[in-house]
Structures are given as C-alpha cells and as structure tokens.
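Everything on this sheet refers to the single structure shown next.
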Amino acid sequence: MKLPEALDARGNVTCVVGAGGKKSTLYALGDVLERAVVTATVRIPPFEERVADVVVTDAPLEAIRTAESWPLGLVAGREGSDRYLGYDPAVVDELAAELDAETSVVVKADGARTRWFKAPNDDEPQLPAATDVVVPIASAKVVGERLAEDHVHRPERVASITDLELGDRISATDVATVLASGRGGCKDVPEDATVIPLINMVDTPELEDVAREIAAEIRDRRAVPRIVLTRLLEDDPVVDVA
C-alpha cells in the first residue's frame, strides 16, 4: 500500500501530530500527492527544498488558486531566519470549505523539537475542525530508551499518561498507551475525523517486531482502521499496514 492510501490523505485535510516523523510524513505525502498543500498550524522550520515553492501569505486560498507548481508550501509569516509561522486552524477550515477534491492539505499540528516521542501540552495540538484524518506518530526506536528529554518531548506529560517515572525504560505498551490516549496522540480529535497511527523508523527486522507489538497494543486500546509502519526516508516508505 502506498502512503497516501495508507493514510487516506488524497483529497483530505490530514494533520500529523506526535514525534519521530511529522515533517517527514508531510514531505513524503507532498512528493506523491497530485496537488498537495503543505502547511502548519504551529511553527515549522524552513522547507523550501522539500516543495516546489513556499509562499508566505495571509491570502492562502489565492496562492493555491494561482499556483503553477506542486507541492505548494503555505505559511503565515516568518519568525526569525529559522522558523515559519503556521495559520490559525480556522484559516485551514476556510481553505477546506473552498478547495476541490483534487487538492490535498497536509498539516503539521504540533511540535516535538526533533524528539522520537511526546505527549501534548495544554495548548496542543492545533487541529482544524475540518480535519479528516489525524495521524499520531512515534518512532519505534524510542522503545528501550529512558523517559528523558534526550528522546522524549515533554517526558513529564508522557509519565502522566503511563505508569512510568522519569528515567524509566519506555516499553511498546507505553508508546501505544500514549498514541491511543485522549490526552496523548488522540487529544482533541474532531468528532468526524479518522485516527490512523503511524510508527516510524522501522529500519530493521528487530524494529519491525517492536512496531508490530506497539500496533497490537494500540488495537487493544482504540478502534482504528489501520496502523501504518514506515521508514519515511526511503523511496517506498510503507513497511506494512497492521
């Protein structure tokens, strides 16, 4: 199965949350969707090399209507030289109401500071009401690591959802618990949106076993249509669908 089909991303508003592959998911989808808009509702690092063009604008619908090359990056402004500002979720809602079914919008909806695992803060994620698919992400590589800031963004939040103490080893059960939780990867999901968890960095047979264990634990906790196992830096990123 190809990534757009696995994530139901074609012609939808797809929001990625979590850690360990959000931006890679955005760019991988942008590469293969026919008309993709890559954007954010939070800060996002510069990504000109991953799209045909990045447009800084307060009129994103007009930028889409006049675009000649795809994928198109859209951002609301700059914050220094190393960050773009995302749009208010209501702006993405307005886009979704006007766009045709040929245009797919992929949205970075929270931050993780390049860590492999996270749980959201009070003001995260920033999900538009028009979101069709939410993709909670974690890296398989975090299993066996300690619950600390080296690999986990906001480890204290992860501890509050799991039975872990800071410094404990993270298990597949812990990753699944956070991804499936309404205080974790499924926080503030719009009522009509579909949740499709993604486990990334499945780079070896051993990590594939870990990812399958996480997937089984997710299914014990939440009804989801599928769980996608990926190595997003590869040309064919989907390892399997569980």
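The values are calculated or read from the model by the stated rules, or taken from the named source; none is laboratory data. These numbers come from a predicted model, not from an experiment. Here the Cβ is made from the backbone with ideal geometry for all residues, glycine too, and neighbour counts use every protein chain on show. Surface accessibility is based on the protein's heavy atoms, side chains included, excluding ligands, DNA and RNA. Shrake-Rupley method; radii C 1.70, N 1.55, O 1.52, S 1.80 Å.
State which residue is least open to solvent (accessible area, probe 1.4 Å) when the search covers only the stretch 122-144 and only residues that are part of a helix (DSSP H, G or I) and of a type outside the set (G, A, S). Let's see the steps before the verdict.
Just the residues of the stretch 122-144 that are part of a helix (DSSP H, G or I), to begin with: 140-142.
Restricting the remaining residues to those that are of a type outside the set (G, A, S) gives 141-142.
Numbers: K141: 72, V142: 0 Å².
It comes out as V142.
Name, by its number, the condition in (1) outside any helix (DSSP H, G or I); (2) buried (at least 22 other Cβ atoms within 10 Å of the Cβ) that does not hold for T25.
(1)
Looking only at the stretch 99-115, which residues are out of contact with any Gly (no Cβ under 8 Å at 6 or more places or on another chain), part of a loop (DSSP other than H, G, I, E, B) and open to solvent by less than 10 Å² (accessible area, probe 1.4 Å)?
If the condition is that a residue be out of contact with any Gly (no Cβ under 8 Å at 6 or more places or on another chain), part of a loop (DSSP other than H, G, I, E, B) and open to solvent by less than 10 Å² (accessible area, probe 1.4 Å), then A109 is the only one that fits.
Only strands (runs of 3 or more DSSP E) wholly contained in the stretch 164-242 count here; list those with 1 or more residues that are within 22 Å of Q126 (Cα to Cα).
Values: elements: 198-200, 228-230, 238-241.
Because the criterion is at least 1 residues that are within 22 Å of Q126 (Cα to Cα), the strands (runs of 3 or more DSSP E) in the stretch 164-242 that meet it are 198-200.
For the stretch 54-69, name all the residues that are part of a loop (DSSP other than H, G, I, E, B) and over 24 Å from the mean Cα position of the chain (by Cα). I'd like the intermediate steps shown before the answer.
Residues of the stretch 54-69 part of a loop (DSSP other than H, G, I, E, B): 57-59, 66-69.
Within the stretch 54-69, A59, T66, A67, E68 meet the criteria.
Return yes when I170 is open to solvent by less than 10 Å² (accessible area, probe 1.4 Å), under 20 Å from D220 (Cβ atoms), aliphatic (A, V, I, L, M) and in contact (Cβ under 8 Å) with a residue 12 or more places away in the chain and no when it is not. I'd like the intermediate steps shown before the answer.
Numbers: open to solvent by less than 10 Å² (accessible area, probe 1.4 Å): yes; under 20 Å from D220 (Cβ atoms): yes; aliphatic (A, V, I, L, M): yes; in contact (Cβ under 8 Å) with a residue 12 or more places away in the chain: yes.
Taking the combined requirement at face value, the residue satisfies it.
Would it be correct to say that G80 is free of Cβ contacts under 8 Å to residues at least 40 places away in the same chain and on the phi > 0 side of the Ramachandran plot? Working first, answer last.
Working: free of Cβ contacts under 8 Å to residues at least 40 places away in the same chain: yes; on the phi > 0 side of the Ramachandran plot: yes.
Criteria met by G80.
It is to be established whether one or more residues within the stretch 156-163 are open to solvent by 40 Å² or more (accessible area, probe 1.4 Å), among the aliphatic types (A, V, I, L, M) and in contact (Cβ under 8 Å) with a residue 24 or more places away in the chain. Talk me through it step by step, then tell me what you get.
Step one: of the stretch 156-163, the residues open to solvent by 40 Å² or more (accessible area, probe 1.4 Å) are 156-157, 160, 163.
Imposing the further condition that a residue be among the aliphatic types (A, V, I, L, M) reduces the set to none.
The answer is no, given that none of the residues of the stretch 156-163 is open to solvent by 40 Å² or more (accessible area, probe 1.4 Å), among the aliphatic types (A, V, I, L, M) and in contact (Cβ under 8 Å) with a residue 24 or more places away in the chain.
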